[in-house]
């Protein structure tokens with residue numbers, strides 16, 4: 001395992017050794033990658049990470065979806081016989097067809113170890129009491145986080161199938177010290193607490209471990225979350241069903257994410273050309289899973305928009321966290337607008353409780369408009385702020401508190417017409 005603080009040369013050497021082990025293992029039985037690597041002589045034992053990135057093709061979600069459709073129900077990206085697998089999870093399908101993902105006991109244990117590292121970095125210990133405010137559906141992150149909390153030795157509370165007020169009572173009565181959920185749901189819980197008459201000092205929460213949305217690394221939202229939870233520390237991380245936990249917040253530089261370099265070889269590429277971007281430039285995150293041998297991903301295009309630190313060697317730090325999604329950008333009168341950038345602007349206004357964006361393409365020129373649960377003066381101020389930042393006139397309308405949708409998982413604040 002690559003230790004924090006290792007030199008770039010040590011990280012690269014350990015990643016290359018792990019990569020060669022992975023490629024040797026999957027070469028014997030993984031039909032998906034046997035087809036992809038056919039005719040590539042050095043695909044099984046590259047001489048360097050640079051050579052690996054030069055000769056091995058990308059893997060895309062569209063390929064995986066097509067493979068599962070052609071080889072139902074799990075596809076051909078399986079390294080071992082089916083009897084060796086012990087877990088099945090799947091993506092939400094919010095950006096296309098859902099993917100089913102199988103794991104062996106060994107792969108699952110390795111990902112649980114990675115989640116324990118997330119908790120360690122957040123300062124969570126065996127003496128903490130953790131509430132997991134998730135639905136515990138088929139997405140693997142909920143289950144991994146819960147099992148990692150148990151492996152850590154903490155007292156863990158599964159919050160699935162509960163209303164927000166029941167979760168708040170559970171937090172208070174059990175004196176939970178750590179809350180795991182999405183940033184949006186953490187804000188919603190705080191809103192419900194105020195409405196139901198809970199006092200901030202009734203809770204013992206000192207840390208919020210958040211994920212599922214880019215907002216966990218945004219300064220404005222982090223401040224707002226901390227204030228809503230009586231000064232609690234906000235700790236971001238990210239992962240995917242296809243990969244498991246990938247990053248955690250840099251404890252020395254909040255707002256940045258550290259890649260779990262013992263489990264992932266990361267690249268950042270230009271979304272259109274596929275060429276590597278220079279250190280410090282923005283691009284699409286590409287991941288190779290080094291330890292998840294049973295259902296691996298080789299040079300997987302995640303669709304996440306990131307900016308790597310200007311550092312030597314393999315990518316280790318994502319500055320500003322996940323900036324957005326490559327395919328989420330919209331064009332309004334010639335201006336590129338990312339939902340994450342607009343969200344940061346909205347979060348500058350603490351009295352905006354919730355908001356919704358309409359992207360209207362029904363006319364020749366696409367238009368944006370916002371609805372906000374806030375006073376009229378705040379709506380007007382936000383409209384001016386958007387004009388200053390984006391050079392666009394964006395109508396902002398105030399609506400009644402509680403009239404817009406609330407979200408337990410990933411927020412879906414954008415609608416298209």
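Label-to-label distance, residue 278 versus residue 163, with points set 7 angstrom from Cα along the beta-carbon direction: 5.7 nm.
Once the Cα-Cα distance is subtracted from the 0.36 nm per residue extended length, the residue 86 to residue 196 segment shows a gain of 35.4 nm. Between 302, 59, 86, the residue with the greatest mean-square fluctuation in the GNM of the chain (Cα pairs under 10 Å linked by springs) is 86.
Of the residues 155, 225, 318, the one that moves most in a GNM of the chain with alpha-carbon contacts below 10 Å is 155.
Comparing 99, 404, 187 in a Gaussian network model of the chain, where Cα atoms under 10 Å apart are tied by springs, the biggest mean-square fluctuation is seen for 404. For the chain, the mean residue ellipticity at 222 nm estimated from helices alone is -9500 deg cm²/dmol, where every DSSP H run of n ≥ 4 contributes -39500 (n - 2.57) and the total is divided by all residues, rounded to the nearest 500. Placing a label point 7 Å from the Cα of residue 353 along the Cα-to-Cβ direction, the residues of segment 191-216 whose backbone N falls under 14 Å of that point are 191-197. On the principal axes of its alpha carbon atoms, segment 220-320 extends 43, 32, 23 Å, with the longest extent given first. Exposure proxy ranking for 301, 223, based on other Cβ atoms within 10 angstrom of each Cβ and starting from the fewest, stands as 223, 301. Legend: ranking of residues 101, 293, 229, 120 from fewest to most surrounding C-beta atoms inside 10 Å; resulting order 120, 293, 229, 101. Take the Cα of residue 377, step 7 Å toward its Cβ, do the same at residue 333, and the gap between the two points is 2.7 nm. Nearest 5 percent is fine: what portion of the DSSP beta bridges confined to the chain is antiparallel? In the chain, approximately 65 percent of DSSP beta bridges are antiparallel ones. Fully extending the segment from residue 76 to residue 58, taken as 0.36 nm per residue of separation minus the present Cα-Cα distance, adds 4.8 nm. Once C-alpha pairs closer than 8 Å and six or more residues apart are averaged by separation and normalised to the residue number of the chain, the relative contact order reads 14 percent.
Laboratory data are not the source of any read-out in this text; all were calculated from the coordinates shown. This one's a predicted model, so the numbers in the text were calculated from it and none came from an experiment. Because the Cβ atoms are built from the backbone with ideal geometry, glycine has one as well, and the counts that use them run over all protein chains shown.
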